[in-house]
Amino acid sequence: MKAVHSPLHAVHDGGVELYRGALVPTFETPERAEIIRAALESGGYELLEPRAIPESRLLRVHEAEFVDFLRGVHARWLAEGREGHVIPSGFPARGLRRDRRPSGISGSLGYFAFDASSPIVAGTWDAALAAARCAMTAAAIVAEGERAAYALCRPPGHHAARSTYGGYCYLNNAALAAQYLRDEGCARVAVLDVDYHHGNGTQEIFWERDDVLFVSLHGDPETEYPWFMGYADERGFGRGEGCTLNLPLPAGTGWDAYGAALDTALAAIRRFAPAALVVSLGVDTFTADPISAFKLESRHYPLIGECIAALGLPTVLVQEGGYAVAEIGTNVVGVLGAFAD
Ligand code: SS9
Ligand code: ZN
């Protein structure tokens, strides 16, 4: 099985995030991708660099103004005499105007970001673009006839929406892969998000569409990030009504309840009868994950892979979260094994 990886991920580094009242080093580190890469190499996966897919392809999913902002914000931050990491500090909450995009840098940041856990450093744009290209390259490989391909995306993507970033995510790699498959002729595409956190960005992007099904298993947003989306009553809107399925699960969820929810998710995907599948593959459901609260063990990841592979669909697997760095390679390759040739 082909795995797409770019060394450029490493230029997105050195960030700090606001976590429980303190600025701490980000949980989302370059080491994560290096450990996954090493596990892929020892597992015999064929590692490829992404194709030079034109940036215009990003506009199939993201707003042009947002893409321009992400590309330029770090240089602007420095040009205005600020130092270090770009972190927003104020957001248009209820009662404030969200129709205005202030021209100043602090207001622009609050307008395009939705949290303070996603620093922008000098290399963030290059890494995010490389990750998006990894996902679209994996989609291209599957569109060309491979049964499955894996994109080692870093930074991750599922929290990034059409014109907002947050949750360590800047460009929505999985949504770009799903749209790529649509544009290459797949009539319907399903996105299955198994990251611990709800994929609010992917949900928003496809919210009003009936050609892309979004199904997510995640920690209950009553207590878990991103808190303001991912509830079971969110089912899509307009033509897209019924094409979003959220399965929030309580903290402490182990394999039995997880496996049952996964069966529900897979049944919905079978009913939708897509031509292809994109998996937002987070392994922060692991019991030792430092920011999550499910209780899956390493032996459960091959079972997840087998259940998903049993759909028999052409499948693009896109890396999302997973912050228990020591086991991240084992857990990811555990899922991928079910798709290996
Ligand atoms: C939880 C803070 C969470 C963002 C987590 C993003 C995960 C991406 N107290 N910060 S997969
Ligand atoms: Zn996550």
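Could you list all residues from region 90-118 that are open to solvent by less than 10 Å² (accessible area, probe 1.4 Å) and at pLDDT below 95?
Within region 90-118, 118 is the sole residue that qualifies.
Between a first residue in region 193-220 that is in a helix (DSSP H, G or I) and a second residue that is among the aromatic types (Phe, Trp, Tyr) and surrounded by 24 or more Cβ atoms within 10 Å (Cβ to Cβ), which pairs have beta carbons less than 6 Å apart while being 6 or more apart in sequence or on different chains?
As it stands, the answer is 202/214; 203/214; 206/214, since those pairs meet every condition given.
So, in region 298-339, how many residues would count as being more than 16 Å from ligand 2 (Cβ to nearest atom) and open to solvent by less than 20 Å² (accessible area, probe 1.4 Å)?
Qualifying residue count for the region: 10.
Check region 298-313 and report whether any residue there is charged (D, E, K, R), under 22 Å from residue 45 (Cβ atoms) and in a loop (DSSP other than H, G, I, E, B).
There is no residue in region 298-313 that is charged (D, E, K, R), under 22 Å from residue 45 (Cβ atoms) and in a loop (DSSP other than H, G, I, E, B).
If you take the residues of region 1-53 that are part of a loop (DSSP other than H, G, I, E, B) and within 16 Å of ligand 1 (Cβ to nearest atom), which of them is nearest to residue 292 (Cα to Cα)?
27
Residue by residue, here is whether (1) out of contact with any helix residue (DSSP H, G or I) (no Cβ under 7 Å at 6 or more places or on another chain); (2) in a loop (DSSP other than H, G, I, E, B); (3) crowded, with 20+ Cβ neighbours inside 10 Å holds:
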position: 222; (1), (2), (3): yes, yes, no
position: 227; (1), (2), (3): yes, yes, no
position: 230; (1), (2), (3): no, yes, yes
position: 233; (1), (2), (3): yes, yes, no
position: 242; (1), (2), (3): yes, yes, no
position: 252; (1), (2), (3): yes, yes, no
position: 258; (1), (2), (3): yes, no, yes
position: 263; (1), (2), (3): yes, no, no
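Can you tell me which of 28, 65, 46, 55 is without any contact (Cβ under 8 Å) to a residue 60 or more places away in the chain and of a type outside the set (Ser, Thr, Tyr)?
The unique qualifying residue is 46.
Kindly list the number of the only condition in (1) closer than 29 Å to residue 84 by Cα; (2) over 20 Å from the mean Cα position of the chain (by Cα); (3) not aromatic (Phe, Trp, Tyr) that fails for residue 41.
(1)
Identify, from the list 140, 160, the residue that is over 27 Å from residue 24 (Cβ atoms) and either within 16 Å of ligand 1 (Cβ to nearest atom) or surrounded by 17 or more Cβ atoms within 10 Å (Cβ to Cβ) (or both).
140
Got at least one residue in region 20-30 being among the basic types (Lys, Arg), surrounded by fewer than 19 Cβ atoms within 10 Å (Cβ to Cβ) and under 20 Å from residue 133 (Cα atoms)?
The answer is no, given that none of the residues of region 20-30 is among the basic types (Lys, Arg), surrounded by fewer than 19 Cβ atoms within 10 Å (Cβ to Cβ) and under 20 Å from residue 133 (Cα atoms).
Return the residues of region 279-308 that are away from ligand 1 (no atom under 16 Å from the Cβ), in contact (Cβ under 8 Å) with a residue 40 or more places away in the chain and not basic (Lys, Arg); say none if nothing qualifies.
Listed by number, the residues that qualify are 297, 300, 303, 304, 307, 308.
Can you run down the residue pairs with Cβ atoms below 6 Å, 6 or more apart or on separate chains, where the first is in region 231-253 and without any contact (Cβ under 8 Å) to a residue 40 or more places away in the chain and of a type outside the set (Gly, Ala, Ser) and the partner is part of a strand (DSSP E or B) and surrounded by 13 or more Cβ atoms within 10 Å (Cβ to Cβ)?
234/244; 234/246; 235/244; 243/213; 245/215; 247/217
If the requirement is being among the aromatic types (Phe, Trp, Tyr) and within 15 Å of ligand 2 (Cβ to nearest atom), which of these qualifies: 168, 180?
168
Exactly one condition in (1) under 22 Å from residue 172 (Cβ atoms); (2) open to solvent by 80 Å² or more (accessible area, probe 1.4 Å); (3) modelled with pLDDT under 95 is false for residue 87; which is it?
Of the numbered conditions (1) under 22 Å from residue 172 (Cβ atoms); (2) open to solvent by 80 Å² or more (accessible area, probe 1.4 Å); (3) modelled with pLDDT under 95, the odd one out for residue 87 is (2).
I'm trying to understand the selection: among the residues of region 175-189, which are over 12 Å from residue 277 (Cα atoms) and of a type in the set (D, E, K, R)?
Those that are over 12 Å from residue 277 (Cα atoms) and of a type in the set (D, E, K, R): 183, 184.
The values are calculated or read from the model by the stated rules, or taken from the named source; none is laboratory data. What you see is a predicted model; the values in this text were computed from it and never measured. So basically every Cβ, Gly included, is an ideal-geometry build from the backbone, and we count neighbours across all protein chains shown. In case anyone asks, the SASA skips ligands and DNA or RNA and just uses the protein heavy atoms, side chains included. Shrake-Rupley method; radii C 1.70, N 1.55, O 1.52, S 1.80 Å.
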